[in-house]
Amino acid sequence: MASKLDITLQGPSVNIVRQCGPALSDILQSKFGCTAIFAHVASESVPTFVQQQKTFVPEKKFGGVLRGGIKLSVWKDDLANVRVDAVVNAANIRLQHYGGLAQVLSRVGGQQIQKESDDYIRRMGELKTGDAIVCGAGLLPCKKIIHAVGPCLPLYPTQSEVNQANQLLKRTITSILDKVKENNLKNVAIPAISSGLFNFPLPVCANTIVSTVKEYYDKNSYGHLPEEILLVNNDDPSVNEMERACCEIFSPKLYSKVAGAGAGAGAGAAKNSTSTVQIGAVQLTLKWGKIEEQETDVIVNTASADRDLGYGVISKALLKKAGHGLQQELCRNKKNGSVIVTKGYSLQCKEVFHTFCSATRAVLFKSVLDCLYIAVSNNHRSISFPAIGTGGLGFSKTEVAQIMSAAVEDFAKKSPQALEVHFVIFPLDKDTYKAFEEAMRSLPQKASKPGFTQELEHRDNLPDGKPAAPQISLHGSSESIFEAEQWLRGLFKSSDTVTIRNNFIQHFGEQEHLKLAHLSSQKTIDIEESFDKGHADITVYGDSCEDIVVAALQVEAMLCNIQREFVREEERAMLPFSTEKVTFERTPVDNFNDTFSKKSSVLKKEGLHMLKLEKVANPTLKMMFEEKKKQLQCFTPQTMFQCIPAQFCEMVSHVGFHAEYAPPADPAYGEGIYFAGTARKAMEVWKNHNEKYVYLVEAEVLTGNSTPGRPGLILPVMGTNSQMISSVSGGPDISVIFSGYQALPKYILTCVVG
C-alpha cells in the first residue's frame, strides 16, 4: 500500500537539502525504495555537490564507418560515465557551467572543471559561438573535456533564425573535430549541442551534427584520424533523432523503406514527428502513434468503472495486443489511489496503469498526477499516456490537453525524479495533436533545475502571509517510509560524526578514493575508513554538523553508483545463461493464500509477524542454480534464510546472493555467504538488525558435502580422499557457501518483531 509522509525541514537540514537535493533523492530511492519530493526549498545557484545522473546500461543504436575507417556510432548513455579520450560539453561563452549538461559534467567532474574554465576566461577572454577549447576532465572517467559553444536561439525561433544558427552549429562541430585532431584523441563523445537549453530544434540539430561530421572526414582523410566518433545522449528523443539522421544520411534508401513500413495507414511522413519540452527533470514529448505499440516502461489505459477492457477504444486495443491475462489481473488487483497496476503481458512495457476517470476536471487531473507519482515510486523512467477523456467522458480536445499538460507541469515542479512522459496521439487525430501542441507551448520549459521545486510565491494564500515551511515528502510503502524517516532524522541530528556501514566500500576504486581525499582536504572534515570482523565502515568527523552530513551524503551517493555498476557487471557475467537479458519478478503473495498463511504461522512461533510475502522469479538465476547442482553433484537443496538490509532486496532478486549484502555480526566460520536454517537463527546471526522491520530472504541452498568453518576462510578446504566440499558449517543451523550461484532466492519476507 502506497503511503506518504511529510517531514518539515529546520535549521541546518534546509541547507543540506539545498546542496544535496538530487543526491539525497537518489539515496532514498536506492536505500529504501522511497520517492522524495522537496517543497519550498530553493536550490543554490552553485551547489557544492549533486550526484551524477542515474546510470544505466549503455545502449548502442547505430554503427557505421566514415572515410578513413573512422567508426561513427549513436549511443544512449550517460555522458558523465562514458570512458573515451574526450567528452564534449555544451558550454556558454563565459564557460559558466550552471545549467543543463554543463552543470552535470562540472559537478560530477569536481571543482577543477569550473576552476580551469575560469582561469581560461581570465587569461583569454570570452569565447565566441562556434569556438571549442580543451581542458582537463577532473574526476570524469575520460582524459579531456572539450568545451564547445553552440548557437543559442529564442524559445520559438523563426525559420530564418534557425538557418543562421545552423551555420554556427556547423562551425561548432568543426571546431570540436579540429581539437580531436590537434590533441591526437582516439575517440570523442558528442551530445546534441544546442538542442537543450539553447532551443535549437532537435531534428535539424541532429541532421547538422551528423552531416558535418561526415563532410569533415570526407575532406580531411589525412593526418591524425580518430578511431571513433560517438554521438551520446541519455534521453530517447535526442537518441532517436541522432539514429534517424545517421540512417537517412548514410542509408537513405534503406531508411525510407523502414520508416514507411512503420507508419500508420494514411499517416504520412509527418506523423513521425515529435514535439518535446523540458520542465525541470521531466521531459514531455508529444508524438503520433498507437498507444498499444509504445515501448515505455509504463502505458496508461483509461478503463471503465466495471473494469471491462472490452469497452472503450483504448482498452480494446491494449487487450487485443496484451492478451487475456491483462483482463484477469485487472479484475484481481486492488486500486493504488485512483489507479490499478498490472503487468504488460505481450505489450512492450513493464506495467500498465489503468485509470478510472469521471467527467470532472479535478478527477482527470488527479488521475494523471497519480500515474506519474506511482511511476517514479515504482522506479520507472518513462510513461505513455493516450489523450484521456476525449471519448466517452465528453471533454473537449482542448480541455484534455490543458488538464493533462497542467498535471505534468505540477508533477515536474514537485518531483526530483527524472521521467520521460509521452503524450501519444492516434495518427489520424489531427485536431487532438494540435490541441496538445498549443497546451504544451504554454508550459514553462526548463523552468526549474533538476531535483528541485521552483516554488511560486503564493503568500496571500498562506496563514498570516507567512511562506510555507520547507519539507520533504516521502512516497512509498509504509515500512520503507518509516525506515527512511528514521534514517533522515538520525542524519539531520548528527553532532560530530556520521558512520556509514556498507561492504560495497571495499569496491571503491581510484576515482572514489580521490573524492574521499578531496573531502578530507577540507579543513572542517576528517574521514576514516575501517574494516573489522567482516564489516567495512566510513566515519565522517568534523566541527560542523552541516558539513559532516553533506560529506556523508557524497559518500552514500558514491555507494549508490558503485552498487549500480556492480549489478551491471553481474548482469554481463550472467548473460551467457540468459536467452535475451536478465529479468526477474517480485510478485506479492495474497494474505489469504495458503503459502502466506503457512509461512506466517511458522514465523509467528519464532516471534516474528509477517507483513508481506513476495515470490521471486529469475529464470537466469534458476538456470545457473541448476548448473551448480550438476557441477557439485548436489541435487537436494536445503531451505535456509538470510537476513538482509531492505536496500539489497532488489539486488538479491536481480543478480543473486553476494557476501557484500549481509555480513554476519561475527564471521566466525569464513568470509563467505551465510545462511541460517531457521528465521530464529537468522535473527541471532545478524544481530545488528535492531530496526522495526526485518527482511528475510528464503532460499534454496546447495550445501552438499560440508566441513566445519573457521575465521578467515575464503574457500572450502579439500575433504579427505579428495572429496568435493561445497560449503562449511557453523553448527547444525548455519551454512556458509562461497559461490552465490549455490543459492536461489525464492521468497522475500517483510516482518516485524513481536
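The values are calculated or read from the model by the stated rules, or taken from the named source; none is laboratory data. Quick caveat, the model's predicted, so the values are computed rather than measured. Because the Cβ atoms are built from the backbone with ideal geometry, glycine has one as well, and the counts that use them run over all protein chains shown.
Please indicate, with yes or no, whether at least one residue in region 408-427 is modelled with pLDDT under 85, closer than 30 Å to residue 647 by Cβ and among the β-branched types (Val, Ile, Thr).
No, region 408-427 contains no residue that is modelled with pLDDT under 85, closer than 30 Å to residue 647 by Cβ and among the β-branched types (Val, Ile, Thr).
Table: residues versus (1) modelled with pLDDT under 90; (2) surrounded by 21 or more Cβ atoms within 10 Å (Cβ to Cβ).
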{"residue": "681", "(1), (2)": "no, no"}
{"residue": "691", "(1), (2)": "yes, no"}
{"residue": "701", "(1), (2)": "no, yes"}
{"residue": "734", "(1), (2)": "no, yes"}
{"residue": "739", "(1), (2)": "no, no"}
{"residue": "745", "(1), (2)": "no, yes"}
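Does residue 626 qualify as being out of contact with any helix residue (DSSP H, G or I) (no Cβ under 6 Å at 6 or more places or on another chain) and not in a strand (DSSP E or B)?
For residue 626, the condition - out of contact with any helix residue (DSSP H, G or I) (no Cβ under 6 Å at 6 or more places or on another chain) and not in a strand (DSSP E or B) - is met.
Could you please let me know if residue 64 is in a loop (DSSP other than H, G, I, E, B) and farther than 25 Å from residue 382 by Cα?
No: the conditions fail for residue 64.
If I filter region 348-372 down to residues being surrounded by fewer than 22 Cβ atoms within 10 Å (Cβ to Cβ) and under 24 Å from the mean Cα position of the chain (by Cα), which single residue comes out as farthest from residue 308 (Cα to Cα)?
Among them, the one singled out is 369.
Going by what's in this entry, would residue 253 be described as more than 20 Å from residue 427 (Cα to Cα), modelled with pLDDT under 85 and of a type in the set (Lys, Arg)?
Spelling it out, residue 253 is indeed more than 20 Å from residue 427 (Cα to Cα), modelled with pLDDT under 85 and of a type in the set (Lys, Arg).
Would you pick out the residues in region 67-97 that are more than 26 Å from residue 19 (Cα to Cα) and at pLDDT below 85?
67, 68, 69
For region 481-571, please list each of the strands (runs of 3 or more DSSP E) lying entirely inside it that holds at least 2 residues being exposed (fewer than 15 other Cβ atoms within 10 Å of the Cβ) and among the charged types (D, E, K, R).
Per the criteria, 525-532.
Please work out which residue is modelled with the highest pLDDT, limiting yourself to region 391-402 and to residues that are touching a Gly at 6+ places or on another chain (Cβ under 8 Å) and either crowded, with 22+ Cβ neighbours inside 10 Å or assigned to a loop (DSSP other than H, G, I, E, B) (or both).
Step by step, filter region 391-402, then rank; the result is 400.
Restricting attention to region 689-717, which residues are within 17 Å of residue 743 (Cβ to Cβ) and part of a loop (DSSP other than H, G, I, E, B)?
Answer for region 689-717, where residues must be within 17 Å of residue 743 (Cβ to Cβ) and part of a loop (DSSP other than H, G, I, E, B): 702, 703, 704, 705, 709, 715, 716.
I'm trying to understand the selection: among the residues of region 370-380, which are in a helix (DSSP H, G or I) and either touching a residue at least 60 places away in the same chain (Cβ under 8 Å) or out of contact with any Gly (no Cβ under 9 Å at 6 or more places or on another chain) (or both)?
Hits for region 370-380 are 371, 372, 373, 374, 375, 376, 377.
Note down all Cβ pairs under 8 Å where the first residue falls in region 402-416 and is among the polar types (S, T, N, Q), the second is in a loop (DSSP other than H, G, I, E, B), and they're at least six residues apart or on different chains.
Short answer, once both residue conditions are applied: 405/442; 405/443; 415/280; 415/281.
Check residue 665 against each of (1) surrounded by 19 or more Cβ atoms within 10 Å (Cβ to Cβ); (2) assigned to a loop (DSSP other than H, G, I, E, B); (3) among the small types (Gly, Ala, Ser) and name the one condition it does not meet.
Against the list (1) surrounded by 19 or more Cβ atoms within 10 Å (Cβ to Cβ); (2) assigned to a loop (DSSP other than H, G, I, E, B); (3) among the small types (Gly, Ala, Ser), residue 665 comes up short only on (1).
Going by the conditions given, is residue 714 among the β-branched types (Val, Ile, Thr), surrounded by fewer than 16 Cβ atoms within 10 Å (Cβ to Cβ) and out of contact with any Pro (no Cβ under 7 Å at 6 or more places or on another chain)?
So residue 714 fits the description; yes.
Tell me, yes or no, whether region 152-161 has at least one residue that is of a type outside the set (Asp, Glu) and buried (at least 24 other Cβ atoms within 10 Å of the Cβ).
So far as region 152-161 goes, no, none of its residues is of a type outside the set (Asp, Glu) and buried (at least 24 other Cβ atoms within 10 Å of the Cβ).
So is residue 173 in contact (Cβ under 8 Å) with a residue 12 or more places away in the chain and within 28 Å of the chain's Cα centre (by Cα) or not?
no
The conditions are (1) under 27 Å from the mean Cα position of the chain (by Cα); (2) on the phi < 0 side of the Ramachandran plot, and residue 428 fails exactly one of them. Which is it?
Every condition holds for residue 428 apart from (1).
Could you tell me whether residue 658 is surrounded by fewer than 21 Cβ atoms within 10 Å (Cβ to Cβ) and in a strand (DSSP E or B)?
It is false that residue 658 is surrounded by fewer than 21 Cβ atoms within 10 Å (Cβ to Cβ) and in a strand (DSSP E or B).
Look through region 313-349, keep the residues that are among the β-branched types (Val, Ile, Thr) and part of a strand (DSSP E or B), and return whichever of them is modelled with the lowest pLDDT.
So, considering only residues that are among the β-branched types (Val, Ile, Thr) and part of a strand (DSSP E or B), the one modelled with the lowest pLDDT is 339.
Would you mind stating whether residue 388 is at pLDDT 85 or above, buried (at least 20 other Cβ atoms within 10 Å of the Cβ), in the same structural domain as residue 304 (by TED's automatic domain parsing) and not in a loop (DSSP other than H, G, I, E, B)?
Judged against the criteria, residue 388 is not a match.
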